[in-house]
Amino acid sequence: LAAGLQSKLWQYSELLYENQGAENSGWVTDDLLESIATALALDWEKLKTDAPGAAVTQQLNAMSSEGAALQIPGTPTFYIQVGDDEPYVVQPQSFTVEAFQPIFDDALGQ
């Protein structure tokens, strides 16, 4: 979210996932985070200051509250909402475009 304050949220997330290590292996290090920031021409010092700041904390708390209200069990969880209809959970068989295509087609009534 702090990278989003520098308009690079999605780019930062993408590079983080591209460099993902094994779960619980300690792969997320300050050096890795800084190298991603550098690769995206982010201001690393600002990123470090913004991450624990009020704006990011407020956004995290709002997202956490929304997730709790929707009873989201964890990630990844996918919802589809069409227009003003209630959102509903979808469970693709994989994370490929092909797995999501029938879900989107159904949601759009195609």
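The numbers here are math on the coordinates, done by the rules we state, and not lab data. What you see is a predicted model; the values in this text were computed from it and never measured. Positions of Cβ are generated from backbone atoms using ideal geometry, with glycine treated the same way; all protein chains shown enter the neighbour counts.
Remarks
- Cα-based convex hull, the chain, per residue volume (Å³, whole number): 152
- Phi angles across the stretch 22-27 convert, under the Karplus curve 6.51 cos²θ - 1.76 cosθ + 1.60 with θ = phi - 60°, into 3J(HN,Hα) values of 5, 4, 6, 9, x, 5 Hz, Gly and Pro given as x.
- Using the Karplus relation 6.51 cos²θ - 1.76 cosθ + 1.60 with θ = phi - 60°, the per-residue 3J(HN,Hα) values for the stretch 51-56 come to 3, x, x, 4, 5, 5 Hz, with x marking Gly and Pro.
- Positive-end residue of LEU70, ILE80, ALA2, charge dipole of the chain with Cβ unit charges: ALA2
- Furthest towards positive pole of dipole, TYR12, LEU47, GLY109, structure part the chain, Cβ charges: LEU47
- Put a plus charge on the Cβ of each Lys and Arg, a minus charge on the Cβ of each Asp and Glu, and nothing anywhere else: the dipole of the chain about its Cα centre is then about 260 debye.
- Listed peptides 19-31, 46-58 by packing density, highest first (mean Cβ within 10 Å): 46-58, 19-31
- Each residue of the stretch 84-96 was assigned a 3J(HN,Hα) from its phi angle through the Karplus curve 6.51 cos²θ - 1.76 cosθ + 1.60 (θ = phi - 60°); the sequence is 8, 5, 5, x, 9, 6, 10, 10, x, 6, 7, 9, 7 Hz, with glycine and proline shown as x.
- D (Stokes-Einstein, µm²/s), Kirkwood Cα radius, the stretch 1-66, 0.890 mPa s at 25 °C: 195
- Relative contact order %, the chain, counting alpha carbon pairs below 8 Å whose residues are six or more apart: 17
- Extension gain for LYS46-THR75 works out to 7.6 nm (0.36 nm per residue, less the C-alpha to C-alpha distance).
- Annotation: amide H-H contacts under 5 Å for ALA51 (H modelled 1.01 Å from N, sequence separation of 5 or more, or interchain): none.
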